[in-house]
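The values are calculated or read from the model by the stated rules, or taken from the named source; none is laboratory data. What you see is a predicted model, and the numbers here were worked out from it, not measured in a lab. Methodologically, a virtual Cβ is constructed for each residue, glycine included, from the backbone with ideal geometry; neighbour enumeration extends over all protein chains shown.
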Amino acid sequence: MRFEVERKFLIANDGWRAAVAGSRRLRDGLIGQFEGGKVRVRLDEERAWLAVKGVRVGLGRPEFEYEIPRADGQAMLAGVCRGCVIEKVRHCVPHAGLVWTVDVFEGDLAGLVLAEVELEREEQPLALPDWAGAEVSGDLRFRQTTLLQLRAALGRPLRLADIVDNPRVPPQAR
């Protein structure tokens, strides 16, 4: 079992673009949620896989990934996933010995850009790049399921102000 420890940040500027080491287009669909966890299908240009993510404990949670036939992943996105499909280009950006991922969202979340970095443990020291903005790791407003729900409720692409002022997430949960 893999235990994913992840921190998430807003982007302060475009300085990350000069350091991109690779990029790939991703499509994510939510199959289901359960008691703080979820099951998701994800596709890139070459493969598909299922991810089962357990309940968060601090900044981490158990994660299981299983590669599946790409045709099955496409069928799941089209016929099984609840709500909208998330489309994004994921850029890998090395910084201070770690590889950050910068997600540039398209489709229903076009205009949103978030950075994530996976750590080995929560207390691991982290040197922030100058392009990393405010940390939103524990902020429910920046979870993909919340973003899709807000997008559906507004009926238009999201702006950062829509997310920050999201009345659907109680302030104490942020």
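Pull up region 1-16, narrow it to residues that are exposed (fewer than 13 other Cβ atoms within 10 Å of the Cβ) and among the charged types (D, E, K, R), then point me to the one that is nearest to residue 164 (Cα to Cα).
Filtering first and then ranking leaves 14.
Of the numbered conditions (1) over 23 Å from residue 23 (Cβ atoms); (2) under 18 Å from the mean Cα position of the chain (by Cα), residue 161 fails exactly one; give the number of that condition.
With (1) over 23 Å from residue 23 (Cβ atoms); (2) under 18 Å from the mean Cα position of the chain (by Cα) applied to residue 161, the lone miss is (2).
If the requirement is being assigned to a loop (DSSP other than H, G, I, E, B), of a type outside the set (S, T, N, Q), touching an Asp or Glu at 6+ places or on another chain (Cβ under 7 Å) and in contact (Cβ under 8 Å) with a residue 12 or more places away in the chain, which of these qualifies: 5, 55?
Every option except 55 fails the conditions.
Of the numbered conditions (1) modelled with pLDDT under 95; (2) under 15 Å from the mean Cα position of the chain (by Cα), residue 120 fails exactly one; give the number of that condition.
(2) is the only condition that residue 120 fails.
Would you pick out the residues in region 42-62 that are loosely packed, with under 14 Cβ neighbours inside 10 Å and closer than 21 Å to residue 75 by Cα?
45, 46, 47
Considering only region 17-37, how many residues are charged (D, E, K, R) and buried (at least 18 other Cβ atoms within 10 Å of the Cβ)?
2
Here is a yes/no grid of residues against (1) basic (Lys, Arg); (2) part of a loop (DSSP other than H, G, I, E, B); (3) surrounded by fewer than 16 Cβ atoms within 10 Å (Cβ to Cβ):
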| site | (1), (2), (3) |
| --- | --- |
| 100 | no, no, no |
| 117 | no, no, no |
| 121 | yes, yes, yes |
| 124 | no, yes, yes |
| 138 | no, yes, yes |
| 152 | no, no, yes |
| 156 | yes, yes, yes |
